[in-house]
1. Could you tell me which residue out of T142, L288, M240 lies farthest along the dipole of the chain toward its positive end? Charges go on the beta carbon: Lys and Arg +1, Asp and Glu -1, centred on the Cα centre.
2. Could you state, as a whole-number percent, how many of the C-alpha pairs of the chain are farther apart than 30 Å?
3. How big is the C-alpha Rg of the range 300-392 next to the rule-of-thumb value 2.2 N^0.38 Å, as a ratio?
4. Give me P(r) over the range 246-292, computed from all C-alpha to C-alpha distances, binned every 5 Å, as integer percentages.
5. Longest span of the chain, sites excluded, free of chymotrypsin sites (Phe, Trp or Tyr not before Pro) in DSSP loop with at most 15 other C-beta atoms within 10 Å?
6. Go through the range 318-378 and name the trypsin sites (Lys or Arg not before Pro) that are in a DSSP coil and have 13 or fewer other Cβ atoms within 10 Å of their Cβ.
7. Let me make sure I get this right: for the range 209-255, a, b and c are the square roots of the gyration tensor eigenvalues over alpha carbons, sorted descending. Under 1.5 in a/c it's rounded, otherwise prolate if a/b > b/c, else oblate. Which is it?
8. Would you mind counting up the charge near D206? Only other residues with Cβ under 13 Å from its Cβ, with Lys and Arg at +1 and Asp and Glu at -1.
Amino acid sequence: MISSILPTYNRAPLSFVSGEGSWLEAKDGRRFLDMGAGIAVNALGHANPDLVAALTQQAGKIWHLSNLYEIPEQTALADALVANTFADTVFFTNSGTEACELAVKMVRKYWFDKGQPERIKILTFSGAFHGRSSAAIAAVGTEKMTKGFGPLLPGFEQLEFGDHDALTKAMQDPTVAAVIIEPVQGEGGIRTVPDQCLKGLRDLCDETGALLVADEVQCGVGRTGKLFAHEWSGISPDIMMVAKGIGGGFPLGAVLATETAASGMVAGTHGSTYGGNPLGCAVGLKVLQTIAEPAFLDEVNRKAGLLRQKLEGLVAAHPDVFEEVRGSGLMLGLKTKPGAAKVVQAGYDAGIMVVPAAQEVVRLLPALNITDEDINEALARLDQAARAVAAA
C-alpha cells in the first residue's frame, strides 16, 4: 500500500523535534551536528532568534497579500537586493525551481521582443542541477532526471563541464540565447568553475549577445564568502537565480536581472500566488541584512579557512576513505573512496549530518554562523565516522 506521503524520497530513519544553531535533537533524544543546513538553506542556523522575531512580528500583521496589490515587505527586500548586486529588478518565487522557470522564460522573451525569435537555445553543463520542473530537467538532460517524463521541452544543449573548445564552438550557433551556469556545482559534486573560466564565458556572451544566467540557488547568499559566488571572478551575470539561503529556512526564491535582460517581462507575462509574500520577504530581508555585512562575510571566510584546513588534515589522516577537499567558502566537499553513502551513514552513527552529491562526494554546507567550537566538534565526529568506514 502506498504511503500517505508520495514515496519519491529515500529518507533516513531520523525524525527531529527541535534545533538550535548548528544542532538538531531527534525524537529519541540524540543530538546531531547539522553540517548540511537543510542543503544550504538554514544559512543562519536553526531557530535563529533574529529570524524568529522577523517572522513572528510579520505574522502578527499580514501573512499574505495577492500580488494584485503593493507589498511593502517585498519592495524593501527587492530594493536591498538591487542595492547589493548587479541587478536592476527582482521577481520573487518560492523556490529555486520556480526561479529557473522564470529565467528560461525571461531569456526567450528577451530575444522574441528583439525580433530574433529563433534564438531559443540555452547551453548548460554536465553535472548541473537546476531543479525538477519540466524546463529544469530538460536543461540538465540526464537520463536520471528525464527518463519517463518526455517529451522534453526543446531548446537546450548540454556541454561537458570544463570543455572550453566545445563551449566556444557551441557559442557560434546563431540560435544560442543564453548560457546557464552554477559558479559552484552543488549536486554535481562541489565543482568550482575557475575565475578565469567565468571571465571567458562572460566575454563569449558579450561577443555573441547571449545572456549569461548564473544559478546561485545553492552557492549564493554568502555561502562562498562573497554575497554571491560570481563576485570572486569580478564578472556580473545578466540574470541570476537565487533561493535556499535567502530565506534562511523560509521558502523563498528570486530571479534578479538587469533592466535590459528583463525588458520582455511586462505585465501579464509571469506571476505567482505566493511569491514575494510578506512573511517570506520579512525573513529574507533580515537574512540579507545580516549576511551582506562585510564583517559577517569576513567571518565566513575565516571559518571557511579553519574548516578547510581541518578537512585537509582529515583527508591526510584517512587516505583510504577520502581523496580530496573541494569547494569554496563554506560550500565544501569530501571526495570519498568507499562511496558517499557509507560516509553519510557512518556520520549518522557518529551524530553528524552531511549531504551526498555526485562523484561520491559528501557535502559540508554548515550554517554560515557556525561556531569554531562546532567546527572542531564536526571534525572529531567526521574522524569517528571515517574510522568506522575504514574498519567496516
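Quick note: the coordinates plus some simple rules give every number you see, no bench work behind them. Since we're looking at a predicted model, the values are computed, not measured. FYI the Cβ positions are ideal-geometry reconstructions off the backbone, even for glycines, and counts take in every protein chain you see.
1. T142
2. Every Cα pair in the chain considered, those over 30 Å come to 41 percent.
3. 0.96
4. Here the calculated profile for the range 246-292 is 5, 19, 23, 20, 17, 15, 2.
5. On the way: sites that count: Y9, W63, Y69, F149.
By the stated rule (loop sites, at most 15 other Cβ atoms within 10 Å), 150-392.
6. Passing sites in the range 318-378 do not exist.
7. Oblate, because a/c is 1.5 or more while a/b does not exceed b/c.
8. My count for the surroundings of D206 gives -1.
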